[in-house]
Amino acid sequence: MFANGTIRWFSALCFGCVCAHAADWKPEKPVEIVVNTPPGNGPDRTARLMQSILQDKKQIEVPVAVSNKLGGGGVVAYTYLNSRPADGHTLMIASKALLTNHIAGRGPSYTEFTPIAHLFGEYLVVTVKPDSPIKNGKDLIESVKKNPAGYSFGIATSLGNPNHQAVAVALKAGGLDIKSLKNVVFNAGSAALAALMGGHVDVVPVTAALGSQLVSQGQVRPLAVSSAKRLGGVLADVPTWREQGYDAVVSQWRGVVAPKGMSDVQVAYWERTIKRMTDAEEWRQDIEKNFWSAELMSAADMRKFMDRDNAALKGFLGELGLAR
């Protein structure tokens with residue numbers, strides 16, 4: 001599976017104990033949080049919230065800056081990160097794209113970086129136009145079975161990414177050949193939604209945060225959520241794929257990684273600091289507002305999580321013919 005509802009914990013042993021030698025290191029110069037998206041996008045907003053909490057609450061003693069390193073689908077940012085081996089003053093917001101890009105032959109492997117902490121999972125909502133004849137997720141899968149060429153899926157921004165997985169994993173669980181489905185790739189979520197509203201595609205998966213806005217405005221009808229259990233708010237009545245008979249749990253996770261070669265004491269410092277940051281009320285409010293699932297994990301647990309997710313993604317992208 002790509003996400004597991006039971007993985008909503010962190011290792012108390014790793015996060016809770018403060019070893020005597022772990023206090024031997026702390027930042028001595030400004031800290032840089034790298035993101036591979038423009039200002040205002042999801043990873044950038046996460047980085048700037050981290051910056052705000054760490055500085056405003058004086059959780060660290062040095063300034064914190066956010067650096068947007070764009071290009072190559074994240075390759076520029078990750079190359080920049082690893083140009084600073086063992087530098088505990090440089091962190092990066094990472095996501096599942098770190099895995100999928102490498103599997104598809106673009107960018108470095110996740111094993112080239114030091115994991116620090118898994119932060120949260122962001123789930124997807126599968127949507128159609130309000131007047132679509134498709135009523136729910138089960139109806140969608142049965143309809144596509146009858147007429148595979150009759151339904152198109154609007155995917156932002158690349159095949160194999162979590163948006164694509166949010167429908168493809170369920171369709172595969174329903175017995176369909178996901179490689180033969182009719183997918184239309186758009187360079188932005190807004191373009192995919194415009195195509196949906198215009199009747200050019202039939203189904204578009206979006207993040208839960210965006211989906212909640214569209215549902216509340218009556219712009220889309222939600223068919224299913226890709227979480228292990230139902231979400232809240234305006235999405236509380238939307239069933240999961242599992243409820244509809246398809247074992248499909250997919251999240252776009254977000255975490256923190258650092259350059260290769262980080263020492264144990266550097267990792268321990270950042271584990272404790274990020275645990276303290278995620279206890280802040282501002283962080284909790286942001287998690288709730290965006291329908292994210294708090295899934296804090298230690299560095300060691302994040303490495304195990306990425307190992308499992310990478311193995312599952314290799315198989316999935318291989319079925320799509322996207323693995324290199």
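Check cross-link reach from LYS57 to the aspartates and glutamates: straight Cα distance under 20 Å, and skip same-chain residues fewer than eight apart.
GLU28, GLU32, ASP44, GLU271, ASP279, GLU281, GLU282, ASP286
Relative to the Cα centre, what is the charge dipole magnitude of the stretch 53-102, using +1 at the beta carbon of each Lys and Arg, -1 at the beta carbon of each Asp and Glu, and rounding to the nearest 20 debye?
It comes to approximately 100 debye.
Let me know the charge dipole size of the chain about its Cα centre in debye, to the nearest 20, where only the beta-carbon of Lys, Arg (+1) and Asp, Glu (-1) is charged.
480
Based on the mean of other beta carbon atoms within 10 Å per residue, what is the order of 229-236, 35-42, 73-80, 87-94, most packed first?
Highest to lowest by the protection proxy: 87-94, 73-80, 35-42, 229-236.
For the stretch 123-244, what is the convex hull volume of its Cα atoms per residue in Å³?
With only Cα atoms used, the stretch 123-244 gives 89 Å³ per residue.
Return the loop-located trypsin sites (Lys or Arg not before Pro) in the stretch 267-307 (DSSP other than H, G, I, E, B) with at most 16 other Cβ atoms within 10 Å of their own Cβ; answer none if there are none.
Passing sites in the stretch 267-307 do not exist.
Could you list which residues have their amide H under 5 Å from that of ARG221, counting only those 5 or more apart in sequence or on another chain, with H placed in the peptide plane?
Distant-sequence amide H within range of ARG221: VAL128, LYS129.
Using +1 at the C-beta of Lys and Arg and -1 at the C-beta of Asp and Glu, which of ALA191, THR273, VAL238 has the Cα lying farthest in the positive direction of the dipole of the chain?
Of the candidates, ALA191 comes out farthest on the positive side.
Under a 5 Å amide H to amide H cut-off, with H placed in plane at 1.01 Å, what residues pair with LYS96 once short-range neighbours are removed?
Long-range HN contacts for LYS96: TRP253.
With +1 on each Lys and Arg Cβ and -1 on each Asp and Glu Cβ, and nothing else charged, work out how big the dipole of the stretch 64-218 is about its Cα centre, in Debye to the nearest 20.
Using Cβ point charges on Lys, Arg, Asp and Glu, the stretch 64-218 gives about 220 debye.
Could you give each residue of the stretch 125-137 its phi-based ³J(HN,Hα) in whole Hz, using Karplus coefficients 6.51, -1.76, 1.60 with θ = phi - 60°, and x for Gly or Pro?
10, 8, 10, 9, 5, x, 9, 5, x, 7, 9, 7, x
Please list, ordered by chain and number, the residues whose modelled amide H lies under 5 Å from the amide H of ALA248; skip anything fewer than 5 residues away on the same chain.
Amide H to amide H, under 5 Å and 5 or more residues apart or across chains, ALA248 pairs with ARG242.
If I take the Cα coordinates of the chain and project them onto the principal axes, what are the three extents in Å, biggest first?
Computed over the chain, the largest-to-smallest principal extents equal 64, 40, 33 Å.
Between helix 162-173 and the chain, what is the angle of the helix's C-alpha long axis to the longest principal axis, kept within 0 to 90° and rounded to the nearest 10?
That works out to roughly 50 degrees.
Every number here is computed from the coordinates shown, using simple stated rules; none is lab data. What you are looking at is a predicted structure, and each value in this text was computed from that prediction instead of being measured. Cβ sites come from the backbone with ideal geometry, for glycine too, and all protein chains shown count toward neighbours.
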